[in-house]
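One structure is given here, and the rest of the page talks about it.
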């Protein structure tokens, strides 16, 4: 019987502070994500959410346990996993939107005419079909995030890794992009690992929400299924019930962090 598509099994990760005692960020992280699932990670600041994403991206290597995608160990970055960051730093300012979307295809040796066609298709898909000639400095924050998504989709990467991609946007743009991302994910059947601090955003987007313990040595505390039909609205009473449930679990971990900080003062 086939295992989970993405499988963190007893994963450990540490930073060595040079003091002889390792700083354990993750300890025994068990986390599975099914193919085509939209999975959101929540947790207190410093609990290792971004570390887990970086391990899956291949940017970091675990110090214990195993991490596999489709049964294969993750040992380095790969074209099957694309990271979409919070800001627009990953866009090349000297390239147009079209050229930014084409960039990965160019590195892969795709002929110019073919990559232009594919890039245009993805720009159309994210609603920026007429903005390809513009440079990043000429685009709004929401447009830049759409360019990042188009660049990921053009390479046909089955896994999207998103580290608080909408955190810097205004509330209205953020809500629009949340709805658009949900539509894109359903159309492409991509598998998504999404990190956020926003409980409402997690409920809007996720099939499942994973809540991490406070660090050091963090791991998964609890998982919550989100059975609400899409599109989801914050005014739905069931939305409020889920929000309160997740908030209570997360508050326990945040309180632990605050008590630890007070004890160390």
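The values are calculated or read from the model by the stated rules, or taken from the named source; none is laboratory data. These figures come from a predicted structure and were not determined experimentally. Here the Cβ positions follow ideal geometry from the backbone for every residue, glycine too, while neighbour counts run over all protein chains shown.
Based on this model, can you work out whether residue 85 counts as assigned by TED's automatic domain parsing to the domain that holds residue 149, touching a helix residue (DSSP H, G or I) at 6+ places or on another chain (Cβ under 9 Å) and modelled with pLDDT under 90? Judged against the criteria, residue 85 is not a match. For residue 156, the requirement of being surrounded by fewer than 18 Cβ atoms within 10 Å (Cβ to Cβ) and more than 16 Å from the chain's Cα centre (by Cα) is met. For the range 138-155, the set of residues classified as in a loop (DSSP other than H, G, I, E, B) and either touching a residue at least 40 places away in the same chain (Cβ under 8 Å) or not assigned by TED's automatic domain parsing to the domain that holds residue 100 (or both) consists of 139, 155, listed by residue number.
Go through the range 69-82 and report how many residues are crowded, with 16+ Cβ neighbours inside 10 Å and modelled with pLDDT of 95 or more. Here the count works out to 2. Restricting attention to the range 212-232, which residues are touching a strand residue (DSSP E or B) at 6+ places or on another chain (Cβ under 7 Å) and part of a loop (DSSP other than H, G, I, E, B)? 213, 215, 216, 217, 219, 226 - these are the residues of the range 212-232 that are touching a strand residue (DSSP E or B) at 6+ places or on another chain (Cβ under 7 Å) and part of a loop (DSSP other than H, G, I, E, B).
Residue-level check: of (1) assigned to a helix (DSSP H, G or I); (2) over 13 Å from the mean Cα position of the chain (by Cα); (3) touching a residue at least 24 places away in the same chain (Cβ under 8 Å), residue 169 misses just (1). Reported count of residues in the range 59-78, each being more than 20 Å from residue 37 (Cβ to Cβ) and part of a loop (DSSP other than H, G, I, E, B), is 8.
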